[in-house]
Amino acid sequence: MSLGSGNVSGNVPSKKTPSDFLKSVLGRPVIVKLNSGVTYRGVLATLDGYMNVALEQTEEYVEGQLKAKYGDAFIRGNNISWISTQKRKPTTN
């Protein structure tokens, strides 16, 4: 009797790491939530191994209300609670 992996198709599901996710969203709009509860929305420009983040076209939200707009913003990684993708805003001409 053989004990298999339980995967009938034989395909091994690919595992994505948080690092893979962050690399895949470079240049895309993201939401960055800080430990303080403040949220930043902008385009992810760069990040490093410490999860320090640089955003472009950044908006700062406090308790869901827009408080400020910045061209570029740098957020230190130890302040970040989570990062998520956001849908692109529709452009109006």
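Give the residue from VAL38, GLY71, MET51 lying farthest towards the positive end of the charge dipole for the range 33-87; charges sit on Cβ (+1 for Lys and Arg, -1 for Asp and Glu) and the dipole is referred to the Cα centre.
VAL38
Within the P(r) computed for the range 22-93, what percentage of the Cα pairs occupies the region above 21 Å?
That tail contains 17 percent of the Cα-Cα pairs.
Just so you know, all these numbers are worked out from the coordinates, no wet-lab data involved. Computed from a predicted model, the values in this text were never measured in an experiment. Virtual Cβ from ideal backbone geometry, glycine too; neighbours counted across all protein chains shown.
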